[in-house]
Amino acid sequence: MSRNVTEHTEHHDQSAVTVLGLGPMGRSLAGAFLDAGLRVTVWNRTPGRDRELVARGAVSARSAEEAVVASGLTVVCVVNYDAVDAILRREAVTDALKGSTVVNLTADTPDRARDAAAWATEHGVRYLDGAIMTPVTTIGTPAAVFLHSGPEDLYREHQPVLQALGGTHTHLGDDIGRAAAYDIALLDIFWTAMAGYAHALAVARAEGISARQLAPFAKGIGDILPPLFEELAEEVDNGTFSGEDNPLTSAASSMAHIVHTSEAHGIDAGVMRAAEGLARRAIGQGYGADGFLRIAELLGGRQ
Ligand code: NDP
């Protein structure tokens, strides 16, 4: 059941979209497309996850190949690119996709995005890569954040349909790996911060402080970060790391207190030890008066 290239490219149908993958995110994406009045075809490896969407008007496809021929635009959102490959690189699906567009909103690495694009080019599939930077609850609302990369004209062509997902959409350029690269950097911030928060909760609990008691102050600490991202960006890009207000020597001492308190309670301090170790290395190289972000140079092997 495959549709030929001309049929796909001549249509430019902006009223239909196929969603492959109906985990929490795929279901939210499909729901937002339905809310926008689009003709939505859905498919998921495990059947039955589309019940609510079908009740709201989605068409349930019996196979991935049947799903992709229903629309000129297919949005894929599954756990990782191994799963994407398992779906798209079956001959019947690849044939059915010829001439149509895939927007892959699955998270993975920049290299996997580039590999997917090479596969798409080889098989006559038009390909855009993307990343979703906000939770499922934001989809279809102004709070959603989407990053896109790949050929700009292709992005512009499908932008009206993608806008149905709400929020802000940023095209980061033709390099197909760009969205995944931003995703990795941003998730690095998120997961490192969450690891720090989990560790802080363990230390706080050991000291008899509940998560609820800590919360308002934890929020205060979190609020310090966004202005720093803005203020320090210029310095970092210029390779200067002013430590006037908070030099590395002071930061390392603060981190050592966390390590000692954790270990006194028998709590693993490995993550903080690693950060303190980097700070001490930079101090050893003569950068003690610099700011903490000097360690980014160290990590990048630039010193
Ligand atoms: P998951 O990351 O758990 O992905 C679940 C989906 O992947 C299901 O449709 C599942 O199918 C499918 N899948 C897994 N393995 C395979 C396979 N081998 N072959 C075919 N399909 C497979 O849930 P989400 O929906 O939450 O996430 C989807 C993507 O969105 C991920 O890349 C995630 O990082 C990203 N994302 C999610 C956010 C969120 O808040 N949830 C926020 C931002 C990004 P089945 O039902 O058959 O198991």
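Read-outs: derived from the displayed coordinates by stated rules, not from any lab. These figures come from a predicted structure and were not determined experimentally. In this analysis, Cβ positions are derived from the backbone assuming ideal geometry, glycine residues included, and neighbour counts consider all displayed protein chains.
Just a few scattered comments:
- Proxy reagent accessibility, fewest Cβ within 10 Å first, across Thr106, Thr192: Thr192, Thr106
- Dividing the summed helix terms, -39500 (n - 2.57) for each DSSP H run of n ≥ 4, by the number of residues in the chain produces a 222 nm estimate of -17000 deg cm²/dmol to the nearest 500.
- Relative contact order (%) - criterion: Cα under 8 Å, at least six apart; region: the range 16-175: 20
- Dimensionless Rg over Rh [the range 16-175; C-alpha; Kirkwood]: 0.92
- Burial ordering of Ser210, Ser149, Ser250, Ser28, fewest other beta-carbon atoms within 10 Å first: Ser210, Ser250, Ser28, Ser149
- Mean Cα-pair separation over length for the chain, i.e. relative contact order, pairs under 8 Å, 6 or more apart, %: 12
- Multiplying the residue separation of Ala296 and Ala185 by 0.36 nm and removing their Cα-Cα distance gives an extension gain of 38.7 nm.
- With θ taken as phi - 60° and the Karplus curve 6.51 cos²θ - 1.76 cosθ + 1.60 applied, the whole-hertz 3J(HN,Hα) list for the range 244-258 is 4, 7, 7, x, 3, 4, 6, 4, 5, 5, 4, 5, 4, 4, 5 Hz, x standing for glycine and proline.
- Under a Gaussian network description of the chain, with springs only between Cα atoms under 10 Å, the residue in Gly167, Gly291, Gly140 that fluctuates furthest is Gly291.
- Fewest-first sequence of Asp183, Asp82, Asp35 by Cβ atoms within 10 Å of each Cβ: Asp82, Asp35, Asp183
- Length-normalised contact order for the range 210-299 - Cα pairs under 8 Å, 6+ apart - percent: 34
- The chain: projected area of the alpha-carbon convex hull, averaged over directions, in nm²: 18.7
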